[in-house]
1. Check which residues have an amide H placed less than 5 Å from residue B:74's amide H, if you skip close sequence neighbours.
2. With the convex hull built on the Cα atoms of the protein assembly as shown, state its orientation-averaged projected area in nm².
3. Would you mind checking A:96/B:41; A:52/B:64; A:52/B:97; A:60/B:41; B:20/B:97; A:56/B:66 for any pair whose Cα atoms are more than 31 angstrom apart?
4. Percent relative contact order of chain A, based on C-alpha pairs within less than 8 angstrom and at least six residues apart?
5. What is the spin-label model distance, in nm, from residue B:105 to residue B:63 if the labels are put 7 Å beyond Cα along the C-beta direction?
6. Give the distance, in whole Å, between the Cα centre of the range A:43-92 and the Cα centre of the range B:1-39.
7. Place a point 7 Å from Cα of residue A:53 in the direction of its Cβ. Which residues in the range A:9-38 have their backbone N less than 16 Å from it?
8. In debye to the nearest 20, how big a dipole does chain A give about its Cα centre with +1 on each Lys and Arg Cβ and -1 on each Asp and Glu Cβ?
Amino acid sequence: GNSVTQMEGPVTLSEEAFLTINCTYTATGYPSLFWYVQYPGEGLQLLLKATKADDKGSNKGFEATYRKETTSFHLEKGSVQVSDSAVYFCALGDYKLSFGAGTTVTVRA
Amino acid sequence: GAVVSQHPSWVICKSGTSVKIECRSLDFQATTMFWYRQFPKQSLMLMATSNEGSKATYEQGVEKDKFLINHASLTLSTLTVTSAHPEDSSFYICSAKGLAGDQETQYFGPGTRLLVL
């Protein structure tokens, strides 16, 4: 079956630091890959997605590339802001989604 | 963007009582809704898939008589936790599939925190 392994947190960074959250997966076939973000007190929001190998998803300065050879979909942002403090979930699937455990990111001013 | 609401946002109940949680798609029609459960510091676990007008499909290990799901309209699905016990305490999240441009996307509700005493 499908599963997602996500970097454990929490991660604490200073503003303008570089952020990487690792995500690897096991899957049958080639499902779509997603990053969701959950801000405090809110529901999950789709941050970005990639539907096939070598696709790069990007949004709000975040990027992730669908790497079939390493079965990875690492999330990166070059310069984080305090407003990026949230829980980030890696997920995969085309109908039903399988989620990683989530990584809590705190950005300090 | 598409909005999904859940009600209530949190609930405390006594052991043995039943609790109903509503999930609504506010500005779009959702033929499919999903119910997830999240334990502290763990990932979302899919409980069931709910299709409008038909019986829900439950994931392995989820008791369908314990977690009753009704998807009566294209904008509303309900999850009823029957005869709740403390081990049912958790964070329950729903999502609804809707169109974003020409692609289907899952939109998530804010979750309902259930505490069974």
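Computed from the coordinates by the stated procedures, all read-outs in this text should not be read as laboratory data. Since this is a predicted model, take the numbers as computed values, not measurements. In this analysis, Cβ positions are derived from the backbone assuming ideal geometry, glycine residues included, and neighbour counts consider all displayed protein chains.
1. Excluding prolines and chain starts, which carry no amide H, there are no hits.
2. Result: a mean projected hull area of 12.4 nm².
3. Check vs 31 Å cut-off fails for A:52/B:64; A:56/B:66.
4. Computed value for chain A: 38 percent relative contact order.
5. Reported label-point gap for residue B:105 and residue B:63 is 3.8 nm.
6. That distance is 26 Å.
7. A:25-33
8. With only Lys, Arg, Asp and Glu charged at Cβ, the dipole is about 220 debye.
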